[in-house]
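Got a structure for you, questions after.
The values are calculated or read from the model by the stated rules, or taken from the named source; none is laboratory data. Given the structure is predicted, the values throughout are model-derived calculations rather than measurements. FYI the Cβ positions are ideal-geometry reconstructions off the backbone, even for glycines, and counts take in every protein chain you see.
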Amino acid sequence: MSRPDPSALAVWSPSSTLPPAPAPTARDVWGIVAGAAGVAVLLWPLRAYAGPQLSGKDAPKFRLDSFPLSTYPMFSEHRGRSTYVPHVIGLTGAGERVIPHARHFGGGGLNQVRKQVSRAIRRGDAALVAQTYADSLAAQRAAREGGRPSGGSGGPRRRHEAAVQQVEVVRSRFRFDDYYGGDVLPHRETVLARCEVGGTAVAVREERTADEIAGGVAR
Amino acid sequence: MNGARIRQWTVDTLRPAATPLRPAVLRIGVGLFAARHHRRRRTLLRGVHAQDPRRFAPVGVVRVLQRPLRPAVADRILDAAQAVNVLATVGVAHRVTGPLNAALQLWTLTYRNSWGMLYHNDNMLVLHQMVLGAGPTADALSVDALMRRRGLAPAVFERRYGAVPVMLNAVTSAVYFVSGVAKVRSSTGFGWASGDVLRGQIAIDGLRKDLFGSTRPAAGTALYHRERLFTLMAAVSLAVELGAPLSLLDRRLGLAFSAAAWGMHIGIREIMGISFPYNTSGVSYLGHLPAGPQLRR
């Protein structure tokens, strides 16, 4: 196919002065086929949505999720009006609740810690979670008392955390409307493990009602 | 429209004849973003490498490992990935550093996701780096171009140069499209657009932030009781995600999609506190703003 030598044209020429695009060649067709194959690979995770099971923790969209080929299941599950959240609370000597930061369990970010804590609890390792948090809080307290910098920001948070005497691994039920209406305490919760800061964790199983939680009956 | 014209239109749309400037701008833009993004997260990523090996849950290419790498080894690979990214961005021996950078970025980011939590905010970045690493993206604005003495912006028009941004945009579209299908193939179907599911997601996400020592965004709390707003946001999100493939057909549709998707990510950041830095930076949509001229149809 003949066409003007494009290399003779300035890059910044107005498009009206440029020659028309060349006719497609076999190379172009193969290039498009290769691109289509690449897109097909990216769309391969859609097979997770072909079957009848669309929801639940063992749904294909969660089982088949990977990186970088993902089923992108985030934001797709209906959460209803309430939820259970396994997490860790700190308790001061007066029974006040303090939420210790996720970094006391690991440095991979909040959501990674959340998943790791949930998985550990499902495995029956709630005491290990409590021990990890309690040891980290004890180390932070020792660093404060020794005047050593513990790095990073978060001075006010560390002051709050310094008052924690005990940590508990809990599974708490929250109602969204209440929570976002200002009632931030759970409706009920199960204590799964407990550990004094500087002590040894023990696995427990204790239920707490809304009244007990509201009344500060935490131990 | 006869067969030949359809073929011409298809090739002109998916492989427009452009100069090497076009993919070069993408190589530099995405490479610079990746360099800055990973430098800022270096401490976090090293913390990930040093975790208790019992938390290791390999995914993707990292499944070749039975147990995690020693932290020092993982740290070295991370640093090597950043060094190679700089070389690929500058365009030094890109035929080697391009694919090598793609492989190293894929490894380091998959390794970051192999500890029990799949984040979804680096997928597009690493996929774009794979496209740019494998494509002819260093024939302009690169050390390679200087060494070949053809100038930093050779005035040659070839379809392989125009194909790169189209492929980048196709990757972007695929990511959004799968996300959209995930929503309508849920228990609520197209009812997802009512906003109820999105509202619940925002509620639980803010709750989790509070319970793990972060702070839920004030905007999410303020908007929680405005249910109609969530209907609007959900409907727009669904339209953007399921309509993403249309962005490949026309430049104006591509620009409209980019603006809408960018706005969606800004909203997610403000209301949910979930950051998609690659998307909010706008770099992920650079492919819809092609540099330099292309030969007309």
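Restricting the search to region B:192-216, which residues are more than 7 Å from chain A (Cβ to nearest Cβ), in contact with a helix residue (DSSP H, G or I) (Cβ under 6 Å, 6 or more places away or on another chain) and not in a helix (DSSP H, G or I)?
Correct list: B:195, B:216.
Only residues that are of a type in the set (A, V, I, L, M, F, W, C) and under 30 Å from residue A:105 (Cα atoms): list them for region B:209-236, please. Before you say what the answer is, go through the steps one by one.
Step one: of region B:209-236, the residues of a type in the set (A, V, I, L, M, F, W, C) are B:211-212, B:218-219, B:222-223, B:229-230, B:232-236.
Within region B:209-236, B:211, B:212, B:218, B:219 meet the criteria.
Still on this structure: Since residue A:124 meets every condition but one in (1) part of a loop (DSSP other than H, G, I, E, B); (2) closer than 20 Å to residue A:82 by Cβ, which condition does it not meet?
Against the list (1) part of a loop (DSSP other than H, G, I, E, B); (2) closer than 20 Å to residue A:82 by Cβ, residue A:124 comes up short only on (2).
While we're looking at this one, here's another question. Please state which of the following conditions residue A:118 fails to meet, knowing it meets all the rest: (1) assigned to a helix (DSSP H, G or I); (2) within 22 Å of residue A:96 (Cβ to Cβ); (3) hydroxyl-bearing (Ser, Thr, Tyr).
Of the numbered conditions (1) assigned to a helix (DSSP H, G or I); (2) within 22 Å of residue A:96 (Cβ to Cβ); (3) hydroxyl-bearing (Ser, Thr, Tyr), the odd one out for residue A:118 is (2).
Scan the helices (runs of 4 or more DSSP H) fully inside region B:1-92 and keep the ones with 1 or more residues being touching a Ser or Thr at 6+ places or on another chain (Cβ under 6 Å) and more than 14 Å from chain A (Cβ to nearest Cβ).
On the way: elements: B:3-14, B:21-40, B:42-49, B:71-90.
Here the list reads B:21-40, B:71-90.
Give me the residue from region B:146-171 that is more than 7 Å from chain A (Cβ to nearest Cβ) and in contact with a helix residue (DSSP H, G or I) (Cβ under 6 Å, 6 or more places away or on another chain) and, out of that set, surrounded by the most Cβ atoms within 10 Å (Cβ to Cβ).
Step by step, filter region B:146-171, then rank; the result is B:161.
Can you name the condition, by its number, that residue B:187 falls short on among (1) surrounded by fewer than 24 Cβ atoms within 10 Å (Cβ to Cβ); (2) more than 30 Å from residue B:67 (Cβ to Cβ); (3) at the interface with chain A (Cβ under 8 Å from one of its Cβ atoms); (4) in contact (Cβ under 8 Å) with a residue 24 or more places away in the chain?
(4)
Also: Out of everything in region A:116-138 that is closer than 18 Å to residue B:208 by Cα and facing chain B (nearest Cβ under 10 Å), what residue ends up being farthest from the chain's Cα centre (by Cα)?
A:120
Out of B:26, B:44, I need the residue that is under 25 Å from residue B:155 (Cβ atoms) and aliphatic (A, V, I, L, M). Which one?
Details: B:44 fails: under 25 Å from residue B:155 (Cβ atoms).
Selected residue: B:26, the only one of B:26, B:44 that is under 25 Å from residue B:155 (Cβ atoms) and aliphatic (A, V, I, L, M).
For region A:89-135, what are the residues that are closer than 21 Å to residue A:188 by Cα, among the polar types (S, T, N, Q) and free of Cβ contacts under 8 Å to residues at least 40 places away in the same chain?
Result: A:118, single match.
Given the criteria in a helix (DSSP H, G or I), surrounded by fewer than 18 Cβ atoms within 10 Å (Cβ to Cβ) and touching a residue at least 60 places away in the same chain (Cβ under 8 Å), does residue A:138 qualify? Full working, then the answer.
Numbers: in a helix (DSSP H, G or I): yes; surrounded by fewer than 18 Cβ atoms within 10 Å (Cβ to Cβ): yes; touching a residue at least 60 places away in the same chain (Cβ under 8 Å): yes.
Yes.
Within region B:107-125, identify whether any single residue is surrounded by 22 or more Cβ atoms within 10 Å (Cβ to Cβ) and in contact with a Pro (Cβ under 6 Å, 6 or more places away or on another chain), and answer yes or no.
Yes, some residue in region B:107-125 is surrounded by 22 or more Cβ atoms within 10 Å (Cβ to Cβ) and in contact with a Pro (Cβ under 6 Å, 6 or more places away or on another chain).
If residue B:269 passes every condition in (1) more than 13 Å from chain A (Cβ to nearest Cβ); (2) more than 30 Å from residue A:100 (Cα to Cα) but one, which one does it miss?
Residue B:269 satisfies every listed condition except (2).
Might you let me know whether region B:6-19 holds any residue that is of a type outside the set (A, V, I, L, M, F, W, C), modelled with pLDDT of 95 or more and surrounded by fewer than 19 Cβ atoms within 10 Å (Cβ to Cβ)?
no
Can you tell me which residues in region B:105-118 are assigned to a loop (DSSP other than H, G, I, E, B) and more than 7 Å from every other protein chain (Cβ to nearest Cβ)? Lay out the reasoning, then the answer.
We begin by selecting, within region B:105-118, every residue assigned to a loop (DSSP other than H, G, I, E, B); these are B:113-114, B:116-118.
Matches in region B:105-118: B:114 only.
Just give me the residues in region A:74-115 being facing chain B (nearest Cβ under 7 Å), over 15 Å from residue B:204 (Cα atoms) and assigned to a loop (DSSP other than H, G, I, E, B), in sequence order.
Here is the first cut: in region A:74-115, the residues facing chain B (nearest Cβ under 7 Å) are A:74-80, A:83, A:85, A:87, A:99-102, A:106-115.
Retained after the next criterion (residues that are over 15 Å from residue B:204 (Cα atoms)): A:99-102, A:106-109, A:112-113.
Hits for region A:74-115 are A:99, A:100, A:101, A:106, A:107, A:108, A:109.
Assigned by TED's automatic domain parsing to the domain that holds residue A:121 and closer than 26 Å to residue B:202 by Cα: does that describe residue A:190?
yes
Residues to consider are A:173, A:205, A:159; find the one that is assigned by TED's automatic domain parsing to the domain that holds residue A:119, at negative phi and within 21 Å of the chain's Cα centre (by Cα).
Values: A:205 fails: within 21 Å of the chain's Cα centre (by Cα); A:159 fails: within 21 Å of the chain's Cα centre (by Cα).
Criteria check complete, one pass: A:173.
Looking at region B:223-297, what helices (runs of 4 or more DSSP H) fall wholly within it and have at least 3 residues that are closer than 30 Å to residue B:155 by Cα?
Details: elements: B:227-242, B:251-272, B:277-280.
In region B:223-297, the matching helices (runs of 4 or more DSSP H) lie at B:251-272.
Test of understanding: among A:41, A:29, which residue is modelled with pLDDT of 85 or more, under 27 Å from the mean Cα position of the chain (by Cα) and of a type in the set (Val, Ile, Thr)? Lay out the reasoning, then the answer.
Details: A:29 fails: under 27 Å from the mean Cα position of the chain (by Cα).
One residue alone meets the criteria, A:41.
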